[in-house]
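> Okay, handing you the structure first.
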Amino acid sequence: MKFACVGDNCIDWYVNTKALYCGGNPVNVAVYAIRGGDSASYVGAVGSDEFGQFMLQSLNAHQVDTSHVQVLPGKTAVSRINLVDGERVFCGYDEGVLADFRLTDADLAFIRQHDLLVTGRWGKIQNRLAEIKANGTPIAFDFATKLGDEIFLSAIDAVDYAFFSREEDSPQVREEMRMIHSHGTKIAVCTLGEHGSLAFDGKDFFTHGIEPCEVKDTMGAGDSYMAGFLHGVLRHLPVTECMRLGAVSSSLTLQYYGAW
């Protein structure tokens, strides 16, 4: 199966260790999808700087199709992070050339060749999702921790598989998932950190725990869950099995530094 992962990317600069890693939700999902046995393309923009070259070289080394990555004059996006007891603490972001990223007609035709589009709230394509869905491509969207804002309202009616995160299950979280489903979403998924995950298909709620592992860095954990879950979706597996695949994928990522 082929993932089209579209939108943001960034260099994750770990300030306290001086380490540099490639990241960004669509980029991460592309790498994790390939790790799980699927194929993936990344559509986005990098700068003409050394970080842009690093991003492209790293993606190519992981067999991600980068044929539709735009190289724009300027700087690649950078996210500054401190790692505190395995938890990421964000301390600054420079959007760089992503501020100028726009999908082209050629990009849209390329996306139609894939089985699924994956993007998120920083992907800058929410206003093109209805057009993409009308062309027959299912859409998965990561809303992170924010629901109900302008980006959510622009995207949600076109989204088939909605992902977001909260600290734990609660009646309010379940109400949020019902609200998401009311917009036509097939499945809403909430990742709950150490408490596992919760999914809602419009009829039933499903819960799944974590895969125990030694946690070194939480960077990319949610993205890897997303890739594993969608691997199951594309094979028409039951929701509970999709959740298990997401948890397994996430546990692999938690055991090393950086997203990948």
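> For the stretch 236-250, enumerate the residues that are over 19 Å from the mean Cα position of the chain (by Cα) and either outside any helix (DSSP H, G or I) or buried (at least 21 other Cβ atoms within 10 Å of the Cβ) (or both). Can you show your working first?
As a first pass, look at the stretch 236-250 and keep what is over 19 Å from the mean Cα position of the chain (by Cα): 236-238, 240-241.
Passing the criteria: His236, Leu237, Pro238.
> Looking at (1) open to solvent by less than 70 Å² (accessible area, probe 1.4 Å); (2) under 25 Å from Thr137 (Cβ atoms), can you tell me which one Gly74 breaks?
(2)
> Here's something else I'd like to know. Within the stretch 77-92, which residues are crowded, with 17+ Cβ neighbours inside 10 Å and either among the aromatic types (Phe, Trp, Tyr) or modelled with pLDDT of 95 or more (or both)?
Let us first name the residues in the stretch 77-92 that are crowded, with 17+ Cβ neighbours inside 10 Å, namely 77-79, 81, 83, 88.
Passing the criteria: Ala77, Val78.
> On to the next question. How do the pairs read when you match residues in the stretch 138-156 that are closer than 21 Å to Ala30 by Cβ and in contact (Cβ under 8 Å) with a residue 40 or more places away in the chain with residues anywhere that are open to solvent by 50 Å² or more (accessible area, probe 1.4 Å) and of a type in the set (Val, Ile, Thr), using Cβ under 8 Å and keeping only pairs 6 or more apart or on different chains?
Once the first residue is closer than 21 Å to Ala30 by Cβ and in contact (Cβ under 8 Å) with a residue 40 or more places away in the chain and sits in the stretch 138-156, no partner that is open to solvent by 50 Å² or more (accessible area, probe 1.4 Å) and of a type in the set (Val, Ile, Thr) comes close enough.
> Kindly check whether there is at least one residue in the stretch 27-40 that is out of contact with any Leu (no Cβ under 9 Å at 6 or more places or on another chain), of a type outside the set (Val, Ile, Thr), open to solvent by 10 Å² or more (accessible area, probe 1.4 Å) and at negative phi.
To start, the set of residues in the stretch 27-40 that are out of contact with any Leu (no Cβ under 9 Å at 6 or more places or on another chain) comprises 28, 34, 37, 39-40.
Checking which are of a type outside the set (Val, Ile, Thr) leaves us with 28, 37, 39-40.
Narrowing further to those that are open to solvent by 10 Å² or more (accessible area, probe 1.4 Å): 37, 39.
Remaining after also requiring at negative phi: 39.
The answer is yes; a qualifying residue exists.
> Of Asp105, Asp100, which residue is open to solvent by 30 Å² or more (accessible area, probe 1.4 Å) and in contact with a Leu (Cβ under 9 Å, 6 or more places away or on another chain)? Explain how you work it out, then say what you get.
On the way: Asp105 fails: in contact with a Leu (Cβ under 9 Å, 6 or more places away or on another chain).
Just one listed residue meets the conditions, Asp100.
> Just checking: which of the strands (runs of 3 or more DSSP E) contained wholly in the stretch 1-108 hold 3 or more residues that are in contact with an Asp or Glu (Cβ under 7 Å, 6 or more places away or on another chain) and farther than 23 Å from Tyr256 by Cα? Steps first, answer last, please.
Values: elements: 2-7, 10-14, 19-23, 39-47, 69-72, 78-84, 87-94.
Here the list reads 39-47.
The values are calculated or read from the model by the stated rules, or taken from the named source; none is laboratory data. Being a predicted model, the structure only gives us computed values, none of them experimental. No Cβ is skipped: glycine too gets one built from the backbone with ideal geometry, and neighbour counts run over all protein chains shown. Ligands, DNA and RNA are stripped out before the accessible areas are found, and what is left, the full protein with its side chains, is counted by its heavy atoms. Shrake-Rupley method; radii C 1.70, N 1.55, O 1.52, S 1.80 Å.
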